[in-house]
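Colleague: The structure is given below, and queries will be raised subsequently.
The values are calculated or read from the model by the stated rules, or taken from the named source; none is laboratory data. Since the model is a prediction, treat every value here as computed from it, not as a measurement. Using ideal geometry, Cβ is built from the backbone for each residue, glycine included, and neighbour counts are taken over all protein chains shown. Heads up: the accessible areas ignore ligands, DNA and RNA and are worked out on the full protein's heavy atoms, side chains in. Shrake-Rupley method; radii C 1.70, N 1.55, O 1.52, S 1.80 Å.
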Amino acid sequence: MEDASREQWGSRLGFILAAVGSAVGLGNMWRFPYVTAESGGAAFLVLYLVMVLLVGLPIMLAEFSVGRGSKKSPIQALAHYGGPGWKPLGGLFVLTGLLILSYYAVIAGWTMRYTLAALVEGFQGVDAAARFDRFAAGLDAVGWHLGFMALTIAIVVGGIKKGIERAALTLIPLLFLIVIGLDIYAATLSGSGEGYAYYLQPSLDALMSPDVLAAAAGQAFFSLSLGMGAMLTYSSYLSKEENLPQESLTIALSDFGIAFLAGLLVFPLMFALGLSGEVGESTVGALFISIPGAFTTMGGAGRVVGFLFFGALFVGALTSSISLLEVVTSSAIDGLDWTRKKAALVAGVGIAILGLPAAFSLDALSLVDQLAGNVFLVVGALMLSIFVGWTMDDPIAEVRKGAGDVGWFPLWRQFLRWVVPALLLLVLYYSLQDTWAMITGMIG
Ligand code: TRP
């Protein structure tokens, strides 16, 4: 049943950069540095890397084996290997994609607005908190949200090779260059040493608790875009020759690299400008209030640095968003027999409308983020590891194609059966607790 008309990536590099683009996003630029600084610095960094290898890589490889093996979008892919009873899991993937993109595009809209604000006003004039209030919710946010969705739709309509791959080949190298450039700049600021110390000071005490373990595992697979079929979908456009374990490692390490480099940028910047009191704020808002506040005090340099910083955030958000829309689009192409253009347009406009509450209210945005980003993704990843670990006939046979016979493959399957589900249950337990606290906090 090989479908000759199915699109394919033009090159190996194109696939890798598209997958790195999906992985690298707002989660790398703010969530990672913040979680690291809070949870034990350099010690957490080591734990995080272990989690990337223990949880991230096995799940990514699981998504790749289902995607490339079936060459289908998530719902059909799961039914292909597991029968129609597994279709609801594919449905959960699509639903999660719809929900995540609906609010992710609102935040991405802010990054566009901030990039423009850097260029035009150089962050002068208004107080940073007042600016955030104006941009983050209301008609301003709605406008940029819709503009960002239009851009995302346009790229996905372009197709795998001419849309997504071409965007990734230009934008991802640019993103790496900007972040490295800003890192070098941040190193020259006086007071940057304190920022590095805050970020990386190893604390073994912080490591010794199950919630830090859960935070590391959760951050690892959120950052790698796992648990909703994005990597599954991208790998369904691969040819047979690729070495899947090797590609997984390259993608995971690139994602880690950008997250690490982002921390080397965010903290020196805030400390050098005397904003250390504000680094404790975990909300997305801090990224859009404290850091622009820093740019204001930098004067003319703040204009250039601010433009590059928010431009990088925007690029990261865009390449993640196209992978989210592609999951929904490919499902509509395969399941409803729609053309790519119709599928991307209908899905994209639907998601844009779904995101309107998040564009009007920060509470609505955080709630959808918590539910979809921290609960649905974990459930999706948990079920997928059970699927590939227990139900799928012979996932190792698929991985062997292009990789040869490697000794640890049977170990990979055992991991998916036991270790990954156990760790994800731990993550789920803490996520549900957080979700409950958030809901009661909003009602109370
Ligand atoms: N990995 C993205 C980030 O770090 C966020 C994300 C989570 C994501 N799951 C995803 C992006 C699925 C695309 C698809 O910001």
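Colleague: For the range 341-380 and the range 407-444, write down the distance between their C-alpha centroids in whole Å.
Modeller: With the range 341-380 and the range 407-444 each reduced to a Cα centre, they are spaced 21 Å.
Colleague: May I ask you to list the lysines whose Cα is less than 19 Å away from that of Lys240, ignoring any residue fewer than eight positions away on the same chain?
Modeller: Correct list for Lys240: Lys71, Lys72, Lys161, Lys401.
Colleague: Another question, then. Mind running the shape call on the range 182-268? Use the C-alpha gyration tensor, a ≥ b ≥ c as the square roots of the eigenvalues: rounded below 1.5 for a/c, prolate if a/b tops b/c, oblate otherwise. Mind dumping the intermediate values first?
Modeller: Working: a/c = 3.22, a/b = 1.64, b/c = 1.96.
Oblate, since a/c reaches 1.5 and b/c is not below a/b.
Colleague: Then there is this: Of the listed peptides 352-361, 223-232, what is their order by residue-averaged count of other C-beta atoms within 10 Å, with the highest listed first?
Modeller: Numbers: 352-361: 19.7, 223-232: 28.0.
Peptide ranking by packing, descending: 223-232, 352-361.
Colleague: Now for a separate question. Got a sec? Which residues in the range 357-374 would a label at Arg134 touch, if it sits 7 Å along Cα→Cβ and we count backbone N under 20 Å?
Modeller: Under 20 Å, as judged by backbone N against the label point of Arg134, lie 359-362 of the range 357-374.
Colleague: Let me ask something else about it. Which loop-located trypsin sites (Lys or Arg not before Pro) does the range 364-444 contain, where loop means any DSSP state but H, G, I, E or B and the Cβ has at most 16 other Cβ atoms within 10 Å? Mind dumping the intermediate values first?
Modeller: Details: sites: Arg400, Lys401, Arg413, Arg417; in loops: Lys401.
The qualifying sites are Lys401.
Colleague: Let me ask something else. Give the relative contact order (percent, whole number) for the range 201-347; include only Cα pairs under 8 Å separated by 6+ residues. Intermediate results must be reported in sequence, preceding the final value.
Modeller: On the way: 57 pairs, mean separation 26.9, N = 147.
For the range 201-347, the relative contact order is 18 percent.
Colleague: Let me ask another. Based on alpha-carbon atoms only, what is the radius of gyration of the range 56-154 relative to the globular estimate 2.2 N^0.38 Å? Write out the running numbers ahead of the final one.
Modeller: Numbers: Rg = 19.7 Å, N = 99, 2.2 N^0.38 = 12.6 Å.
Expressed relative to 2.2 N^0.38 Å, the Cα Rg reads 1.56.
Colleague: In cubic angstrom, how much convex hull volume per residue do the alpha carbon atoms of the chain span?
Modeller: Values: hull volume 59.8 nm³, N = 444.
So the per-residue Cα hull volume is 135 Å³.
Colleague: Ala422 versus Gln124, label points 7 Å from Cα toward the beta carbon: distance in nm?
Modeller: 6.0
Colleague: Of all chymotrypsin sites (Phe, Trp or Tyr not before Pro) in the range 379-444, which ones are in loop regions per DSSP and have a Cβ with at most 16 other Cβ atoms within 10 Å?
Modeller: Values: sites: Phe387, Trp390, Trp408, Trp412, Phe415, Trp418, Tyr429, Tyr430, Trp436; in loops: Trp408.
Of the chymotrypsin sites (Phe, Trp or Tyr not before Pro), the ones in loops of the range 379-444 whose Cβ has at most 16 other Cβ atoms within 10 Å are Trp408.
Colleague: Share of Cα-Cα pairs in the range 116-248 beyond 19 Å, in percent?
Modeller: Values: 6684 of 8778 pairs.
The proportion of pairs with Cα distances above 19 Å equals 76 percent.
Colleague: Related question: What's the local net charge at Ala259, with K and R +1, D and E -1, over the other residues with C-beta under 13 Å away? Kindly include the intermediate steps, with their values, before the conclusion.
Modeller: Working: positive: Arg31; negative: Asp183, Asp255.
Local charge sum for Ala259: -1.
Colleague: In percent, how large is the relative contact order of the chain, given Cα pairs closer than 8 Å and 6 or more residues apart? Walk me through the intermediate numbers first.
Modeller: Values: 715 pairs, mean separation 152.7, N = 444.
Taking the mean separation of contacting Cα pairs over the length of the chain, I get 34 percent.
Colleague: Something else now. Give the carbon-plus-sulfur fraction of the accessible surface of the range 366-444 in %, rounded to a whole number; probe 1.4 Å, heavy atoms of protein chains only.
Modeller: Working: 2580 of 3820 Å².
Summing carbon and sulfur atoms, their accessible area is 68 percent of the total for the range 366-444.
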